[in-house]
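This report refers to the structure that appears directly beneath it.
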Amino acid sequence: MSTTRTTRTLTTEAAYAARRWFIADADGQVLGRLATRVASVLRGKHNPGYSPHVDAGDFVVVVNAKKVRLTGKKLDEKVYVRHSEYPGGVRRATAGEVLAKQPTRLIHEAVVGMLPKNRLGRKLATKLKVYAGPDHPHQAQKPLPLSEA
């Protein structure tokens, strides 16, 4: 007589996931290291009930984006490329130029590039809020420091 054991995979339903808000200060932090931490929290990998196909992540507010740090020669040599979808519509800018004009774009592109390339990734990207200075309109949510995630 043999007994059969079944194992169950526990998944967190999106409806049961309690959303928390975290705040990350980018002042003096290296862009890639900050982006990996933020992407992990957006994805929900810090939760015990993490499941790759469920949006169980939290909101993240990043402040002081203009003070983020890039290592090596990235300010001069890293190039951000975008296209207007018209012939000859390629636009190139170095990381230094982007940091001067649109500092939030550096962090946003770094984090979104680490999320899944599907509907779930686009949904997760909406929970990222990036601000160039120290002020943000999310005080009512009482965000916790990102180190507590």
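The values are calculated or read from the model by the stated rules, or taken from the named source; none is laboratory data. Fair warning: this is a prediction, and the values are worked out from it, not measured in the lab. Note that each Cβ is placed from the backbone with ideal geometry, even for glycine, and that neighbours are counted across all protein chains shown.
Summary table below
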{"read-out": "Any hit, the range 110-133, residues being in contact (Cβ under 8 Å) with a residue 40 or more places away in the chain, of a type in the set (D, E, K, R) and in a loop (DSSP other than H, G, I, E, B)", "value": "yes"}
{"read-out": "Check on Gly96, modelled with pLDDT of 95 or more and outside any helix (DSSP H, G or I)", "value": "no"}
{"read-out": "Filter result (part of a loop (DSSP other than H, G, I, E, B) and at pLDDT 70 or above) within the range 3-47", "value": "Ala18, Arg19, Arg20, Ala26, Asp27, Gly28, Gln29, Gly44, Lys45, His46, Asn47"}
{"read-out": "Of residues in the range 73-127 being of a type in the set (Gly, Ala, Ser) and in contact with a helix residue (DSSP H, G or I) (Cβ under 6 Å, 6 or more places away or on another chain), the one nearest to Leu42 (Cα to Cα)", "value": "Ala125"}
{"read-out": "Some residue of the range 121-130 being closer than 21 Å to Gln29 by Cβ, surrounded by fewer than 14 Cβ atoms within 10 Å (Cβ to Cβ) and either under 18 Å from the mean Cα position of the chain (by Cα) or among the β-branched types (Val, Ile, Thr) (or both)", "value": "no"}
{"read-out": "Pick from the range 105-148, criterion touching a Phe, Trp or Tyr at 6+ places or on another chain (Cβ under 8 Å) and over 18 Å from Gly32 (Cα atoms), ranking: modelled with the lowest pLDDT", "value": "Glu148"}
{"read-out": "Any hit, the range 99-108, residues being over 14 Å from the mean Cα position of the chain (by Cα), in contact (Cβ under 8 Å) with a residue 24 or more places away in the chain, under 17 Å from Leu31 (Cβ atoms) and not in a strand (DSSP E or B)", "value": "yes"}
